[in-house]
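In what follows, a structure is listed as structure tokens, so that the remarks can point back to it.
Every number here is computed from the coordinates shown, using simple stated rules; none is lab data. Keep in mind it's a predicted model, so treat the numbers as computed, not measured. For neighbour counting, all protein chains shown are included, and Cβ atoms are generated from backbone atoms with ideal geometry for every residue, glycine included.
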């Protein structure tokens, strides 16, 4: 302990108040444990403040503006004016409401909240440095710890986020104006979501991706639907190229320089550059080695199926523990960590963790693909339902994409699904529940679905896998 420190103790210390940390803290408190949650930035973590929530707010707002201006086929003629500053203000209001709610929930459940940056002194003690001059620090002794410090955007050589024209995802979600020309480095889910937002807001968008397609590792026919729609929005793609640097242009903008593996160089004009090549764990400043914890070669904390690190009483959840780097996975891991500490037989089951991409159209996946199932030794049954055969999809004007269900042909058990189309992020939940419950194709097909709804496409895909679909041709 440093001289002058305040010294306190707790049963469970949680470092980081993102979707993994605050959920873990609340569940541990619900189990009757004394819990202290340390957060150095903002409650809700990157997800609520700089990621999931603000991005979906702008996706919704930009989509609304775009639909209003392109609905002539429905007899609607409009030329909406977008006030980006007001849109950002609305987005911030959503964020503030949710982050304030996290703090209130923690307090209501009896979690002790401390603001500051935590670092390990040893495997039973952390030191928390409080922000601001004269704020001091304190030492906290713990019986169990949960590290939930999350991740941050990866910065690549030649593109410093300190430069005003170089955006990370957080900067793109707080822009003061729409750039005329936006170059996006990276065609993953973050790059594609934000490329879509800015294309709908009127920017000329170019996506530069070193791979040969966007949205790796989704299946080709799933990616094709999203890429085609992006191209219809005016987004241009340059594959097989990586951004190497930038220079100032004579028109007051910038030139983004790229290079292929063969050494061929290209330049793209831009007013802003969004770097979206991935995220890296936040562990610097934690002094993990003092607690006896090592990270892997990518900086992640390795854990078992009960979220325990190599030091059994120190857990790690969320992005800092590696894939799947998803907010809902972090929350589930937080619950498992808390219940494990409470002595309950909790463990992670990765089979039914869904993933979603909020592009236009959306992607929702869960469980196995057809290839996964075949490689696992299953005799596979696959059923599909295109949205252009869905009455409800037709009434919304969004008919691109399909629902695909993968099942074990022998027993009929649902193994997975891939959905690309309207509201895919919502529809995938039904298939996730089916996998979790051990439901069969017959169970899904026999469940009466409301008409007319998009969810009927899930039922029809299950029927199709059994060779008895009504509203699409059977395979």
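Numbers at a glance
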| item | result |
| --- | --- |
| Ordering of 54-66, 18-30, 268-280, 396-408 by burial proxy (mean other Cβ atoms within 10 Å per residue, highest first) | 18-30, 396-408, 268-280, 54-66 |
| Mean Cα-pair separation over length for the range 166-277, i.e. relative contact order, pairs under 8 Å, 6 or more apart, % | 36 percent |
| Antiparallel bridges, percent of DSSP beta bridges restricted to the range 354-465 (to nearest 5) | 100 percent |
| Within the chain, percent of DSSP bridges classed antiparallel, to nearest 5 | 60 percent |
| Cα gyration tensor shape for the range 63-116, rounded if a/c is under 1.5, else prolate or oblate | prolate |
| Protection proxy ranking of 338-346, 424-432 - average other beta-carbon atoms within 10 Å, highest first | 424-432, 338-346 |
| Along principal axes, Cα extents of the range 166-277, largest first, whole Å | 41, 35, 23 |
| Helix-only [θ]222 nm of the chain, DSSP H runs n ≥ 4, -39500 (n - 2.57) each, per residue, nearest 500 | -9500 deg cm²/dmol |
| Protection proxy ranking, peptides 86-93, 434-441, 46-53, average beta carbon neighbours within 10 Å, highest first | 46-53, 434-441, 86-93 |
| Label of the coordinate-derived value, semi-axes √(5λ) of the Cα gyration tensor in Å, listed as (1) 37, 25, 22; (2) 38, 31, 21; (3) 41, 27, 18 | (2) |
